[in-house]
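The values are calculated or read from the model by the stated rules, or taken from the named source; none is laboratory data. This is a predicted model, so every value here is computed, not measured. Every residue, glycine among them, receives a Cβ derived from its backbone with ideal geometry; neighbour counts consider all protein chains shown.
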Amino acid sequence: MSTPNRTTSAFSGQPPNTVRDANIVQGTFWVDFKLDTLDPSGGIPFAPVPPPGYEHEDKQAAIIVGMVLVILAITVPTMARIVARFRSTEMRLGLDDYTIVLAAQPSQSLATVYPCFQIWMVVSAGGGRHSWENTYEDWEEFVRGLSSCRLLFFVTVGLIKISITLFVRRLADRASVFWRLAADVFLGSLVLYVLAALFWNSLFCMPPRAWFSRQYAGSLARPPRCSSDVTNARVFSITHTVQSFLLLGAPIIIMWHVQIDANKKRRLFAIWICGAVTVLGGVLQQIAFVITNDLLTTPTSWAPGTRPPAPSAARPASAAGAGPGQE
């Protein structure tokens with residue numbers, strides 16, 4: 001195949017304009033669709049195309065506003081908690097506080113890096129636009145951000161759960177030996193979850209760089225060896241939801257064995273009800289994921305969290321992102 005080494009990247013679905021375009025298309029075939037028989041010189045033949053009479057529309061502003069609200073929702077309560085801990089003479093700092101600092105404090109945030117990546121993907125990588133309005137170079141940058149977001153998301157939710165579990169462990173100190181042991185076992189499972197998320201998503205492909213760069217993957221002499229992204233998303237998402245259920249229910253049970261102020265109990269129950277709504281959303285997401293994976297669907301062509309459908313079978317839109325806020 002001979003491809004001219006021109007400087008302008010082609011739009012998604014068009015024949016590649018540059019050698020880098022051709023490598024990006026080849027890498028997309030190999031990594032995302034597990035196809036090694038298609039010629040990249042024709043572009044991605046099953047990429048979405050604009051409908052007749054299409055007029056430009058995008059979700060970029062809405063995504064940026066939503067991510068800013070997410071950053072505020074993370075940072076404001078976290079800072080308020082830390083300030084209250086330091087100012088109050090009746091409260092003492094525990095391991096749960098130090099862990100939440102690692103997981104969500106703005107100065108060294110993991111949780112806020114995730115929405116920051118989303119904003120960067122909108123500003124610099126074509127996120128929020130239809131696929132046909134983006135070039136192959138946009139897709140290359142978008143994939144880099146998307147793969148990083150998957151890694152960040154599961155590691156961060158694991159660290160936040162560890163923080164909550166350490167708080168539950170302090171409650172369990174006043175309960176029975178059984179609850180202390182149960183909290184320790186659950187804490188161990190969370191540590192394993194974080195380590196698995198870190199290493200599996202970092203070493204998703206061999207060589208690892210192929211998962212973060214389709215251009216690099218396509219430049220290799222042979223297809224990289226990659227895990228199943230659908231399996232990865234299901235394992236971590238379902239485990240995340242199950243752990244959320246357990247973490248939500250354990251403190252309520254322990255509360256009946258701990259003597260604390262009734263008003264404080266009511267406040268904690270109100271917080272846990274909010275958590276229950278969040279967990280319910282996660283369960284519904286898992287149900288929708290399974291249903292759409294079994295049907296010949298046409299995934300939305302909006303760039304964030306999606307990819308074009310494979311030619312022989314529908315691929316769930318959430319296979320690329322594995323996180324909340326997907327379409």
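Some values worked out for this structure:
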| item | result |
| --- | --- |
| Qualifying positions in segment 53-86 - in contact with a helix residue (DSSP H, G or I) (Cβ under 6 Å, 6 or more places away or on another chain) and not β-branched (V, I, T) | Q60, M67, R85 |
| Segment 17-48: number of residues that are more than 25 Å from F204 (Cβ to Cβ) and either hydroxyl-bearing (S, T, Y) or surrounded by fewer than 14 Cβ atoms within 10 Å (Cβ to Cβ) (or both) | 5 |
| Residues located in segment 108-148, provided they are of a type in the set (A, V, I, L, M) and not in a helix (DSSP H, G or I) | L110, A111 |
| Within segment 62-97, tally of residues that are over 30 Å from R129 (Cβ atoms) and either modelled with pLDDT of 80 or more or surrounded by 13 or more Cβ atoms within 10 Å (Cβ to Cβ) (or both) | 10 |
| Test: residue in segment 217-226 that is buried (at least 21 other Cβ atoms within 10 Å of the Cβ) and either among the aromatic types (F, W, Y) or at pLDDT below 95 (or both) | no |
| Top-ranked residue in segment 232-252 [being hydrophobic (A, V, I, L, M, F, W, C) and either out of contact with any helix residue (DSSP H, G or I) (no Cβ under 7 Å at 6 or more places or on another chain) or not in a helix (DSSP H, G or I) (or both); ranked as nearest to A182 (Cα to Cα)] | V242 |
| Restricting segment 125-178 to residues that are surrounded by fewer than 21 Cβ atoms within 10 Å (Cβ to Cβ) and aromatic (F, W, Y), the residue that is nearest to F33 (Cα to Cα) | W132 |
| Test: residue in segment 184-204 that is under 22 Å from the mean Cα position of the chain (by Cα) and not in a helix (DSSP H, G or I) | yes |
| Selection from segment 189-219 of residues that are in contact (Cβ under 8 Å) with a residue 12 or more places away in the chain, out of contact with any strand residue (DSSP E or B) (no Cβ under 6 Å at 6 or more places or on another chain), farther than 16 Å from F153 by Cα and not hydroxyl-bearing (S, T, Y) | P207, A210, R214, Q215, A217, G218 |
| Pair list, Cβ under 6 Å, 6 or more apart: segment 59-83 residue under 17 Å from G127 (Cβ atoms), other residue in a helix (DSSP H, G or I) and of a type in the set (A, V, I, L, M) | Q60/V122; I63/V122; I64/I119; I64/V122; M67/I119 |
